Amino acid sequence: MLAGLAAGNVTPAEANDWATPFVVDESTHPDEMDAAVWGVLTLICGADVQSSPGRLLHGPEDFQVWLDEFRSRC
């Protein structure tokens, strides 16, 4: 999902819609959550946050940084 977001193949809203259930629904959490996975899920949940009406806080460059950092942690 994050790779698709960074490549522009997934919209921030789609990414948020995908990640949010994993973050907010505790029944989806494994007994031991990997810190890198948890971190990237919470970032993806904020992919569609707006800094002002109609303007996203994060963009493709941010998504690529998130992806690079995730890959370096795994």
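Rule-based calculations on the coordinates, nothing more; no lab input. Quick caveat, the model's predicted, so the values are computed rather than measured. Methodologically, a virtual Cβ is constructed for each residue, glycine included, from the backbone with ideal geometry; neighbour enumeration extends over all protein chains shown.
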- Matching label for the computed semi-axes √(5λ) of the Cα gyration tensor in Å, out of [x] 18, 14, 11; [y] 21, 19, 11; [z] 21, 15, 10, is [z]
- Which residues qualify? For Leu56, with a placed amide H closer than 5 Å and at least 5 residues away or on another chain, they are Ser51
- Task: Could you work out how far helix 12-24 tilts from the main Cα principal axis of the chain, as a 0 to 90 degree angle to the nearest 10?
- Result: 20 degrees
- Message: Suppose only helical runs count, i.e. DSSP H with n ≥ 4. What mean residue ellipticity at 222 nm does that imply for the chain under -39500 (n - 2.57) per run, divided by all residues and rounded to the nearest 500 deg cm²/dmol?
- Response: -18000 deg cm²/dmol
- Query: Residue farthest toward the positive end of the dipole of the chain, with Cβ of Lys/Arg at +1 and Asp/Glu at -1: which of Ile44, Leu5, Phe22?
  - Reply: Leu5
- ³J(HN,Hα) across segment 33-39 via Karplus (A = 6.51, B = -1.76, C = 1.60, θ = phi - 60°), whole Hz, x for Gly/Pro? 7, 5, 4, 5, 5, 4, x
- Contour minus end-to-end for Met1 and Val65, with contour as 0.36 nm per residue of separation and end-to-end as the Cα-Cα distance? 21.6 nm
